[in-house]
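For reference, the structure is listed below as structure tokens.
The values are calculated or read from the model by the stated rules, or taken from the named source; none is laboratory data. Everything numeric in this text was worked out from a predicted model, so none of it was measured. So basically every Cβ, Gly included, is an ideal-geometry build from the backbone, and we count neighbours across all protein chains shown. Each accessible area value is taken on the protein alone, full model and side chains, heavy atoms only, with ligands, DNA and RNA left out. Shrake-Rupley method; radii C 1.70, N 1.55, O 1.52, S 1.80 Å.
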Amino acid sequence: MRMIKTDNLIFEYKKHDDEGNVIGAHRAIDEINLDIEEGQFIAILGHNGSGKSTLAKHMNAILVPTGGTMWVDGKNTSEEDNIWDVRQSAGMVFQNPDNQIIGTVVEEDVGFGPENLGVPTEEIWRRVEESLSAVGMIEYRHHSPNKLSGGQKQRVAIAGVVAMRPKCIVLDEPTAMLDPNGRKEVLRTVEELRKREKVTVILITHYMEEVVGADRVIVMDKGHIVMDGTTKEVFSQVETLKKYRLDVPQVTLLAHELKKKGYDIPDAVLTTEELVDALACCEIAGTHTVHKSESQSGVSEVSVDVPKEPIIKLDHVNYIYSPGNAYEKHALKDVSLDIYEGEFIGIIGHTGSGKSTLIQHLNGLIKATDGAIYYRGKNIYGEKYNLRQLRNQVGLVFQYPEHQLFEIDVLTDVCFGPKNQGLSVEECKARAIEALQLVGLPEKYYGRSPFDLSGGQKRRVAIAGVLAMKPKVLVLDEPTAGLDPKGRDEILNQIAHLQKEGNLTVILVSHSMEDIAKYVDRIVVMNKGCKMLEGVPKEVFSHYKELESVGLAAPQVSYIMHALVERGIPVDTQATTISEAVETISQILIK
């Protein structure tokens, strides 16, 4: 049975003047024809602004066509009488969970949807328990959503939709803020629901490995469908996907790079097993020793030369949220950490591990319950310490860019920080334009309201707003969430360039182990408010089993290397990037 059908679907975002007259229009969806059968798992990929989120909002009748037709479960979404039925049939999970969490207690929020559908009370509570258990949030059922981390809120939002038992679930970047284990749990939950209830799943994501199990992959560009096929058919076209600002899973990219070097590798390798099977047929060159990294317990110290005096020092920092009441939570526990000028630090940890709490201490947004923090040797909690000056020096880009965008247009928003630094109008504008160019936002967006931009574009503006202040320390909380793969690489490459050329200290919080492996000098692993591990990427990722035990993972390349060693191919298991993997395999195997 057909779940979704479109016939020459068109949608235009229209701009109006103060009197309501249309003064401009942007066509986000352009004559799309689409058929999706019941029970299918469909992945929709595309760069920021390609139209994929606009298409998704039509499936839930949040938007209705300005041309053509959209049917959901046989109902025309343009007919007002069908809106309620359409939204019962198709549940929507947004990129930002704050857009759909309304309850004051987690379990009440999850039960809100079923209650509005008239589900009996006993059944509502059964669904609430099942849904929260499925997304790993049952222990938080009596908590306030406002006290949860971004990733925890997203799990609650997904549980709320799952509890409604829709025929179709539309997920718009649902795992962008989740740790690796959380991403697996959520997708496993949705897949089990699809198989058990024959639910249609529409997944929009920039994590290419999440697409591997899809029945069909649709790629969008400029409001059009430009690719449509099975996962293998689409991912076999690596160079074409790159043209559309996308990429492929690391295992697929590694296979592609090895194939270019002359190895006999099948097209569109999607799993580690496929790649290992192909490489196991190659002849090993000479005699080599198998490299196996042994996992060690305890905190691993960084083994690089660093200056004697840190730019930021945390000395036995503790922080307790809501002390003395029912919501009390010990978020940071005796954390000591030295950060040196010019370093690129990565902070990783499971959802709720204390990462975001930690970095909000670095420029005084949160004051430690106990302990001290020093910036260039001075205690920031000192009686006469200038916190405003500190915040000019230590710039923070929040997890949700909407929280720091507020001006009438993009250029004015980015000018706000320099203006508060006392710079002239001309200097503010020059810095803002320079920063916007650094983050790759085209000039055509400068005059637009930041709230009219896509999630990825908002993130660029937020980063530009901090860069325009020319801080000495740049703190980034999940800066690439919501960015397409090309945009992610552009932003991180530019930040890495600024870090090296301008001696900028960068502190990156991320759930992407691949990004952490590629860019940072040192990793700090947080677990339940404590510093669990610390060291260079190769050291930390050699503890991959310990990382898995706390909801994290190593880069996919690490698992490929270990799988090769288990098959008797003596590659270097400390390889964590594609280039390192290609190098070690090329040294070991004959083409």
* Asked: Of the accessible area of region 56-212, with the probe set at 1.4 angstrom, what percent is carbon plus sulfur?
  -> 46
* If you take all C-alpha pairs in region 117-192, what percent of them are over 19 Å apart? -> 32
* If you build the Cα gyration tensor of region 426-573 and take the root of 5 times each eigenvalue, what three semi-axes come out, in whole angstrom, biggest first? -> 34, 16, 14
* Proximal lysines relative to K384, as straight alpha-carbon distance under 23 Å, when same-chain residues fewer than 8 apart are discounted -> K313, K367, K472
* Asked: In Å, what Rg and Dmax follow from the Cα atoms of region 8-89?
  -> 13.9, 46
* All aspartates and glutamates inside 15 Å of K15 as judged from Cα atoms, apart from same-chain residues fewer than 8 positions distant -> D409, D452
* What per residue convex hull volume, in Å³, do the alpha-carbon atoms of region 90-155 yield? -> 88
* Within region 337-433, which chymotrypsin sites (Phe, Trp or Tyr not before Pro) sit in a loop by DSSP and count at most 15 neighbouring Cβ atoms inside 10 Å? -> Y381, Y385, F406
* Asked: What cysteines in the chain have no other cysteine with a beta carbon less than 4.7 Å from their beta carbon?
  -> C168, C281, C282, C530
* To do: Bin all alpha-carbon pair distances of the chain at 10 Å intervals from 0 and give each bin's fraction as a whole percent.
  => 3, 16, 25, 27, 19, 8, 1, 0
* Give me the percent of Cα-Cα pairs in region 383-497 that sit more than 22 Å apart, rounded to a whole number. => 27
* Whenever you get a sec, line up H403, H26 from highest to lowest accessible area (probe 1.4 Å, protein heavy atoms). => H403, H26
* For the chain, what is the mean residue ellipticity at 222 nm derived from helices alone (per DSSP H run of n ≥ 4: -39500 (n - 2.57); sum divided by total residues; nearest 500 deg cm²/dmol)? -> -10500 deg cm²/dmol
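Over the Cα atoms of region 426-481, compute the convex hull volume and normalise it per residue, giving Å³. Display every interim value, and only then the final one.
Details: hull volume 4.4 nm³, N = 56.
Spread over its residues, the Cα hull of region 426-481 gives 79 Å³ apiece.
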* Asked: For the chain, what is the accessible area per residue in Å² when the probe is 1.4 Å?
  -> 43
* Structure fact -> Per region 486-591, sqrt(5λ) over the Cα gyration tensor eigenvalues, sorted largest first, in Å, gives 25, 20, 11
* Tell me, what are the semi-axes, in whole angstrom and largest first, of the equivalent ellipsoid of region 20-150 as set by the roots of 5 times the Cα gyration tensor eigenvalues? -> 32, 18, 15
* Structure fact -> Quick note, region 314-355: a/c under 1.5 would make it rounded; otherwise a/b > b/c is prolate and the rest oblate (a ≥ b ≥ c, C-alpha gyration tensor); here it is oblate
* Under 1.5 on a/c is rounded, so check that first for region 298-434, then, if it is not, pick prolate when a/b is larger than b/c and oblate when it is not; a ≥ b ≥ c are the square roots of the alpha carbon gyration tensor eigenvalues. => prolate
